[in-house]
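Below: the structure, in structure tokens.
The values are calculated or read from the model by the stated rules, or taken from the named source; none is laboratory data. Quick caveat: nothing in here was measured; it's all calculated off a predicted structure. Positions of Cβ are backbone-derived with ideal geometry, glycine not excepted, and every protein chain shown enters the neighbour counts. Side chains included, ligands, DNA and RNA excluded: accessible areas come from the protein's heavy atoms. Shrake-Rupley method; radii C 1.70, N 1.55, O 1.52, S 1.80 Å.
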Amino acid sequence: MSGSVPSTGAADTVPPKRNLVRLAIGLALAGALLWWLFTSFSVLEADVWTSLGRHPWAIGAIAFATAFAMVLVSTIKWQMLLRRGAPDLARSVGFDRLFAYTAASSAIGQIVPPYIAGPAVRGMAMKSQHNAGFGRSAILAGYEQVFDVVTLVIGGIAALALLVGGIGGWAGVLAFAATLALASAAVYLLPERFRPARMAAVLPRRWSTTRRIKQSVEAGSAAGLDAPRLLGHLTALSSLRYGALVARTFGIGIFLLPMIPWQTIALGFGAVQMSALAALTPGNLGITELGWSAMTLVTDAATMGEFVAFALALRVSGLIASGALAVLSLLWLRRP
């Protein structure tokens, strides 16, 4: 099952000028959305900011601990793929270095889309530090992230259905968790002839998100990284990573939105996080906040302004925690 990972052109071939235009449009859209949210829903007057000032260390600890857990899981998945798709690299690069490169990509992924940051940062790190081919390293990193996207979609659909159906509380959370667990277990039961590349073939290439997913899946399948057992491991680990994200959201929500049951916050995260697939703005800035404001459709315990403020607090705490983890990881590599 191990072997050389082929080059599939996973690196974006879009001309730099077009990328700059997209970035400018994305920033303009993010600015317009945030301006509208701030001026329409009294975001700055929300009690979230007072609560944030009262519990900065608790919120920081939750953000850092969950950031560590997410990077740890992503590193385990990446190393698992390296051992099968690039065994030479797996033998020469230690886990601590893979962790540091993943932490750096996670920090940058708070600002730019993770499906760009993950392959690009890890691919460049492997090329500059270990003389490895950028394409092979980037493809493996991108293939690892595909399973995060699959989990995000499954969890998002389940959370949205539960919220719309009015199923909340413990029943909603248990149904949500059971959906993710069953999806992970089902992957192990796939027949040996199953090939993800066949399913990915239907994804359109015109959108950057689906194009990158398609390229990653096709490259992984061509390298023999699509055995059901391996797919099951990757999906299960992605579910654990997703669980850490959910835990961060409701953990911080307990402090910043105490009027909202943590179960509702957890389901709300699952539904809102699906907006990340759009990747219309850098870091989905403005889009995620708009999604959280829509939570007033399922609960009237908090205002739109409070939900937007909560989303911004989540973003800032995640950015700080990811940045701190990346710095500490890279400093660890420089120890004598």
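Using only helices, what value at 222 nm comes out for the chain when you add -39,500 (n - 2.57) per DSSP H run of length 4 or more and divide by the total residues, to the nearest 500 deg cm²/dmol?
Theoretical 222 nm ellipticity from helices: -25000 deg cm²/dmol.
So how exposed is Phe38, as accessible area in Å² (1.4 Å probe, rounded to 10)?
For Phe38, solvent-accessible area is about 70 Å².
What's the extension gain from Ile167 to Ala65 if we count 0.36 nm per residue and subtract their Cα-Cα distance?
So the chain would gain 33.8 nm between Ile167 and Ala65.
Per residue, how much accessible area does the stretch 180-336 show when a 1.4 Å probe rolls over the protein heavy atoms, in square angstrom?
With the other protein chains kept in place, the stretch 180-336 gives 44 Å² per residue.
Using the basic label-point model (7 angstrom from Cα toward the beta carbon), what is the Ala181 to Ala28 distance in nanometres?
Using points 7 Å along Cα→Cβ, the separation is 4.9 nm.
Is the C-alpha gyration tensor of the stretch 117-197 telling us rounded, prolate or oblate? Criteria: a/c under 1.5 is rounded; beyond that, a/b larger than b/c is prolate, otherwise oblate.
The shape class here is prolate.
Quick check: pseudo-label points 7 Å beyond the Cα along Cα→Cβ at Ala201 and Leu174, how many nm apart are they?
4.3 nm
Residues of the stretch 24-52 with backbone nitrogen within less than 16 Å of a virtual label 7 Å along the Cα-to-Cβ line of Met259, please, listed as ranges.
Counting backbone N atoms under 16 Å from the label point, the list is 41-52.
Suppose we keep just the alpha-carbon trace of the stretch 75-114; what are its Rg and Dmax in angstrom?
Just the Cα atoms of the stretch 75-114 yield Rg and Dmax of 11.2, 32 Å.
Calculate, axis by axis, the spread of Cα positions in the chain along the three principal axes, and write the results as whole Å, longest axis first.
55, 44, 42
Counting only the heavy atoms of the protein chains, how much of Asp300 is accessible to a 1.4 Å probe, in Å² to the nearest 10?
150 Å²
Under the rule a/c < 1.5 gives rounded, and otherwise a/b versus b/c splits prolate from oblate, where does the stretch 204-336 land using the Cα gyration tensor?
Prolate shape, in that a/c is at least 1.5 and a/b is the bigger ratio.
Within the chain, which complete DSSP H helices have Cα atoms spanning at least 24 Å along the helix axis and a mean Kyte-Doolittle hydropathy of 1.0 or higher?
Those that clear 24 Å and a mean of 1.0 are 56-85, 134-164, 169-188, 304-333.
Does the stretch 236-287 classify as rounded, prolate or oblate by the C-alpha gyration tensor (a ≥ b ≥ c root eigenvalues; a/c under 1.5 gives rounded; else a/b over b/c gives prolate, otherwise oblate)?
Cα axes put the stretch 236-287 in the oblate bin.
Please list Leu81, Leu20 from largest to smallest accessible area, probe radius 1.4 Å, with all protein chains kept in place.
Ranking Leu81, Leu20 by accessible area, largest first, yields Leu20, Leu81.
Might you work out the accessible area of Ile254 for me, using a 1.4 Å probe with all protein chains in place, and round it to the nearest 10 Å²?
90 Å²
For the chain, with a Gaussian network of springs between Cα atoms less than 10 Å apart, report the residue from Ser137, Ser92, Ser106 with the top mean-square fluctuation.
It is Ser92.
Please arrange Trp292, Trp332, Trp49 by accessible surface area, largest first, computed with a 1.4 Å probe and ligands excluded.
Trp332, Trp49, Trp292
How would Val298, Val187 rank on accessible area, largest to smallest, probe 1.4 Å?
Val298, Val187
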